[in-house]
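Read the structure below first, then the notes.
The values are calculated or read from the model by the stated rules, or taken from the named source; none is laboratory data. The model shown is predicted, which means the values in this text are computed figures rather than measured ones. Here the Cβ positions follow ideal geometry from the backbone for every residue, glycine too, while neighbour counts run over all protein chains shown.
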Amino acid sequence: MNGSEDLIARARAGDQEAFRLVFERYSRPVLGFIYEMVSHRDLAEELTQETFVRAYHNLKQLRDDTKFSTWLFGIGRNVARESLRLRQRESLSCTQDIDSIQQEHTGTSDSPVQQLLEKEFNIAMEAALQALDEDKRVVFFLKVLQQRSYYEIAEITGFSLAKVKTELHRARLEMRRRLRLYMETK
Amino acid sequence: MKCDDCQLVIEEYFDGELNEQAALLVRRHLDGCKSCSGVLESLTTEQAVYVAGRS
């Protein structure tokens, strides 16, 4: 049986294979989440690794296996925030690697023109996401792209439920405004 | 329920965050209101577009 709770319980008991499976199951959403915060693919991958290393070492502190995902995202958020603080201190600038985004988002439509439009939209959406401030971006990502509940988002981010709702509403408005032209053609 | 009240909670309704009683009030309003139904439709379309844009 490889349900998440079973895997996490086994991982907590020291089963490394179970933890590997946990990593396989959660690494992609965690990577996406961290990427939303740091806006840099390589750094996000590095921080995702760090998140799982910390999770592995602290698994015994997890009190409720059903809240593993929330707990893990919370670690990811802390790891990303630490990195952002460090980068601010070092005054490093981080630029978006448009080429890698273009490579990642391959169109699935049937005509080259349609594929080009899809690619252009994907780049515009990425830019719109990056233009949101961090709080809005994280809430938008967790709700719209990961379908987390408001409660889970509040747990992961440490925001109040009221703040989750407000940030989500404002993020949707901003995204809609920035992508209006594209939305009208969809 | 009036449109103003519906607009206040329509995102929560769309996100599945309202309790059954509140959701029922919104559903009843949406059945007879083109304007609010349009808002819900926009939220649905946007959600699909965003998810497709990241897949």
(message) Against the definition (surrounded by 19 or more Cβ atoms within 10 Å (Cβ to Cβ) and at pLDDT 70 or above), how does A:Thr48 come out, yes or no?
(response) yes
(request) Search segment B:31-55 for residues that are within 9 Å of another protein chain (Cβ to nearest Cβ) and pair each with any residue that is modelled with pLDDT of 90 or more when their beta-carbon atoms are under 6 Å apart and the residues are at least 6 apart or on different chains. (result) B:Leu43/B:Phe14; B:Tyr50/A:Val144
(message) Please return the ranges of helices (runs of 4 or more DSSP H) entirely within segment A:1-63 where 2 or more residues are under 17 Å from A:Arg85 (Cα atoms), out of contact with any Ser or Thr (no Cβ under 6 Å at 6 or more places or on another chain) and of a type outside the set (Val, Ile, Thr).
(response) A:16-38, A:41-58
(request) Scan A:Phe23, A:Phe33 and give me the residue that is more than 14 Å from chain B (Cβ to nearest Cβ) and of a type outside the set (Lys, Arg). (result) A:Phe23
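Per-residue answers, yes or no, for (1) exposed (fewer than 14 other Cβ atoms within 10 Å of the Cβ); (2) assigned to a loop (DSSP other than H, G, I, E, B):
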residue	(1), (2)
B:Asp5	yes, no
B:Tyr13	no, no
B:Leu18	no, yes
B:Leu25	no, no
B:Ser37	no, no
B:Ser42	no, no
B:Thr45	yes, no
B:Tyr50	no, no
(request) Check A:Ser39, A:Ser27 and return the single one that is surrounded by 13 or more Cβ atoms within 10 Å (Cβ to Cβ) and within 21 Å of A:Glu152 (Cα to Cα). (result) A:Ser27
(request) Could you check how many residues of segment A:128-175 are surrounded by fewer than 18 Cβ atoms within 10 Å (Cβ to Cβ) and among the hydroxyl-bearing types (Ser, Thr, Tyr)? (result) 4
(request) Say whether the condition of being polar (S, T, N, Q), over 26 Å from A:Ser149 (Cα atoms) and at pLDDT 80 or above is met by at least one residue in segment A:81-104. (result) yes
